Amino acid sequence: DAGVIQSPRHEVTEMGQEVTLRCKPISGHNSLFWYRQTMMRGLELLIYFNNNVPIDDSGMPEDRFSAKMPNASFSTLKIQPSEPRDSAVYFCASSPFDRGYEQYFGPGTRLTVT
Amino acid sequence: QKEVEQNSGPLSVPEGAIASLNCTYSDRGSQSFFWYRQYSGKSPELIMFIYSNGDKEDGRFTAQLNKASQYVSLLIRDSQPSDSATYLCAVLNTGFQKLVFGTGTRLLVSP
């Protein structure tokens, strides 16, 4: 298996621009998680899906952030408009539904907003 | 108070020594605890989990849990330079599926 796939790996954009991050979970995994990691705040859960349905989005910082999972093999995290404080590494992870702790992380997307 | 707290380190140990990494959590109802390892520039990977009070051993790694003290630790015996990484403690949120991570402890093992 190829593992969790994320794209792009690096993104540099200017403040105010829209940013879309993409994730393909491991085939057969029913749960998908979006995290943000910074030096100051560590690894923070933004939102997670079970069977393509958003379960908990309480970690989404504000309305500028949105996430979708149109099918079992694809999810997006969108930031519109982006701000410099959004600069971080964004990880996508997936897990079997009955083992939510056993999360397999993708390589991450390093986002820099100037 | 943060939900999961770890000393950021770095914790420096010589090769062959025992490295002891500690974590405290605030949710007394938490039942499941996990250790993830993250190499610099890489993504976290699960290395240990523990549910019951006491010790759980897996190779050179031992996880220890004390629910009364709300304390979890990870011991790495015979530390190797390849163990140098950041170790993240995570707690499964009571009643939910989501993990709450600490900010991690950076471990440096010198040859």
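Computed from the coordinates by the stated procedures, all read-outs in this text should not be read as laboratory data. Just so it is clear, the structure is predicted and the values come from calculations on it, not from any experiment. Ideal geometry is used to build each Cβ from the backbone, glycine not excepted, and the neighbour counts take in all protein chains shown.
Per-structure values
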read-out: Sole residue being free of Cβ contacts under 8 Å to residues at least 12 places away in the same chain and either β-branched (Val, Ile, Thr) or crowded, with 16+ Cβ neighbours inside 10 Å (or both), chosen from A:Asp56, A:Asp63; value: A:Asp56
read-out: Search result, residues across the range B:11-58 that are among the acidic types (Asp, Glu) and more than 14 Å from every other protein chain (Cβ to nearest Cβ); value: B:Glu15, B:Asp27, B:Asp55, B:Glu57, B:Asp58
read-out: Selection within the range A:89-114 - within 22 Å of A:Arg41 (Cα to Cα), hydrophobic (A, V, I, L, M, F, W, C), within 14 Å of chain B (Cβ to nearest Cβ) and surrounded by fewer than 21 Cβ atoms within 10 Å (Cβ to Cβ); value: A:Val89
read-out: Condition broken by B:Ser8, with the remaining ones in (1) among the hydroxyl-bearing types (Ser, Thr, Tyr); (2) closer than 24 Å to A:Arg99 by Cβ; (3) surrounded by 13 or more Cβ atoms within 10 Å (Cβ to Cβ); (4) in contact (Cβ under 8 Å) with a residue 12 or more places away in the chain satisfied; value: (2)
read-out: Tally of residues being within 14 Å of chain A (Cβ to nearest Cβ), of a type in the set (A, V, I, L, M, F, W, C) and not in a loop (DSSP other than H, G, I, E, B) across the range B:86-111; value: 8
read-out: Candidate set: the range A:68-88, residues that are crowded, with 20+ Cβ neighbours inside 10 Å and small (Gly, Ala, Ser); chosen: the one farthest from A:Ser7 (Cα to Cα); value: A:Ser82
read-out: Hits in the range B:44-68 - residues which are over 18 Å from B:Val100 (Cβ atoms) and assigned to a loop (DSSP other than H, G, I, E, B); value: B:Ser52, B:Asn53, B:Gly59, B:Arg60, B:Ala68
read-out: Residue list for the range A:1-21, filter: buried (at least 16 other Cβ atoms within 10 Å of the Cβ) and under 18 Å from A:Ser82 (Cβ atoms); value: A:Gln6, A:Glu11, A:Thr13, A:Val19, A:Leu21
